[in-house]
1. Once you average over the residues of A:41-53, how many Cβ atoms of partner chains fall within 10 Å of each Cβ?
2. To the nearest Å, what is the center-to-center distance of region B:309-334 and region B:213-268, using C-alpha atoms only?
3. Helix B:369-386 versus the longest principal axis of chain B: what is the Cα-based angle in degrees, 0 to 90, to the nearest 10?
4. When Cβ neighbours within 10 Å are restricted to other protein chains, what is their mean count per residue of peptide A:167-175?
5. Which value in deg cm²/dmol, rounded to the nearest 500, describes the helix-derived mean residue ellipticity at 222 nm for chain A, given -39,500 (n - 2.57) per DSSP H run of n ≥ 4 and division by the residue count?
6. Would you mind getting me the FRET efficiency between residue A:189 and residue A:224? Use the beta-carbon distance for r and R0 = 30 Å, nearest 0.05.
7. How long are the semi-axes of the equivalent ellipsoid of chain A, defined as square roots of 5 times the Cα gyration tensor eigenvalues? Whole Å, largest first.
8. Rounding to the nearest 10 and keeping the result within 0 to 90°, find how far the Cα-based axis of helix A:148-160 lies from the longest principal axis of chain A.
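Every number here is computed from the coordinates shown, using simple stated rules; none is lab data. What you are looking at is a predicted structure, and each value in this text was computed from that prediction instead of being measured. Glycine also receives a Cβ, built like all others from the backbone with ideal geometry; neighbour counts cover every protein chain displayed.
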C-alpha cells in the first residue's frame, strides 16, 4: 500500500519567546495509507485540530513537510493551494459549516462549480450523494431547515462529491448526540469501504474511536501512541 | 455566475444592515442629484440676474473707460456702431447709455452716485429697470424724469415728484454742471449696490447735462439671440468690434470675479459629492467588514474546500456591486421625485444676495441626464472601489485562523 498522507518532522509553534511559545504540533511524522479510516485522538489542546489543519493545508507550518499523494503542500501558496484542496481534499468541520443561503443541493454542488463540472454531471452526482447519505427529498432545504445530523450528512456529501483522495474531518460528531454521531460515523465508514477513500478524523469520544481502524493518540503536540486495529 | 448568485443572496442575510447601507449610499446619491440640480438652477438664476438686471450679456466701451468711468472716454461714432449692431443677426437688442458719477442732492440730504442716461424704449429689451419700478412710472422720455433707487430715496428723504439736483462734470472741459430733475419713479432691484447708488434718466437729458452730442455714448449694452452662457460666451460680433479704441466684452469678462464665483459654484457639486461619497465609502467599508467578521467561519470553510482567494474577493466585490446598484435605483427614483417637485415649484430662499448677486427669485432646480447617468456610475465605481480593501482582507483570511475564531 502507498502512503497517501505523509508528514515528516511536522511542527507548528505559536508565539515567539521560549516561555510563551506553544508547541501545538511538535515533530510529528506519520504515514497514512490509501483507504485507511484513521482517528486522531487525544484530550483538548493535544494538537488534533492543528495537525488536521496542517495536513489539509489550512495552516502555515513552522517546519517539516506534508506530502499528500506525493505533493509537498508546504511549498504551495494562494491559488495553487486552493486548487489542490479543491481537487484532492474533502473537509468536514464540527458544525455550521454549510453556506446558509444555499440549499442542501447547492451546498453539495458548490465544489463542483469550482471545479467546472458540467451541469448535467453536477445534477447526477448531487442526486447520487444525497441518496448515499440518506437525504433524498431534502435537497432543496436550506441548512436552517435541517437537523444537526442532516447538516453533517450534507457536509459529508459535499466533502465526497468531488471524489477527493482524502477526507479530513475535525470532530465531525462533536455537536451531535451520541446516537446520531455513531450513525454518522457508520455512514462515513461505509463510504470509506465503498469508495476506498482515506478518512482522517479527530475525536475524543470513546464510542466514535471504536469505529476507527487506526488510532493516532496525541498528547501535548506529539504522537503518544499509534494503534492499528 | 455562482459567485454573483451567492453574493446576491448574501445581501439578504442581514437585511437590516443591507437596508442601512443602501440608504446611506442611496440618500447620498439623492442628495448629490438634488444639490447639483439646485446649484445649476442657482447658477442659471445668477447668470440671468447678472445679465438681465443692468449689465446685459455684453458691453461696448472706449478702451480704458471702465477703469475709472472717465466721462471723457466716450464713443463718438454712435451712428456707425449702431449701424453695425443693427445689421448683426446674432444680436437681439442693444441700448446706448451715458454714465457719469454725480452728486445727487435733495432738499434734505446729499448722496454720491452713478447716473445712467438710458434710451427708455431700447433699455426695456436689455435691463430690468422698467420692471424694478415700485413707485411712480418708468421713463417716458420727458425732460426732467429721474428714477432713483429705493435706498437712495430713503437717504435723500424724497418721494415721487420731489426735486433732485444732479451736480456733475461736463465732458471734455470738466466744468461743473447742475441740472434739476423730479423723482418720477423709485426702483428696487433687490441689490444693495443698485438700490443705494444708482439713478436713471433719459439719455437726451443726460447728454445735454454732460455737454455731449447725440453721437456720443459711454456704453452699449447688448443682448444676443442665443444668450452668452457660462460655458459658451464667445461671439464673433464682439471679436469684430474690438480694436485699439473700442473694447467689446462679454458679461464674464466684465465681471471676472463673478466668473470665478460661478466656476466655484459649478465645482461645488463635485466637492459636496466627494465629501458625501467619502462618508458613504467609509460606511461601505465598515458594513463590509462587519459582514466579513460575521461570516468569518464561513469564509474559512469555503476557502478550505477550495475557493480561490480571487473568488472570495469577487464575492465581496459582487456584494458591493449589488448594494451600489440597488442604492442607485433608490437614489435615482428619490432624486427624480424631489427634482420633479423643485424644478416646477421652485425653492424660495427669500431675498438673498450671493457675492453681490441678487437672488430674490425662487430657484428652480435644473436636471440633466448626466445627474441620472454619470452620478450613479460614479457611485457604483466608488462603492466597488471602497469594497476592494475588505475584499482583499477576506481573500487573505487563513482558513485555520477563521475556523478557530468562531469556535
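1. Numbers: counts 0, 0, 0, 0, 0, 0, 0, 0, 4, 2, 0, 1, 7.
Shielding by partners across A:41-53 averages 1.
2. So the two Cα centres are separated by 48 Å.
3. Once rounded, the angle reads 40 degrees.
4. On the way: counts 0, 1, 0, 3, 1, 0, 0, 1, 0.
Mean shielding by partner chains, rounded to a whole number: 1.
5. Details: 7 runs with 80 residues, N = 229.
Calculated at 222 nm, the ellipticity per residue is -10500 deg cm²/dmol.
6. Details: r = 24 Å, r/R0 = 0.80.
With a Förster radius of 30 Å, E is 0.80.
7. Numbers: eigenvalues 169, 78, 55 Å².
Computed over chain A, the values are 29, 20, 17 Å.
8. Helix A:148-160 sits at roughly 80 degrees to that axis.
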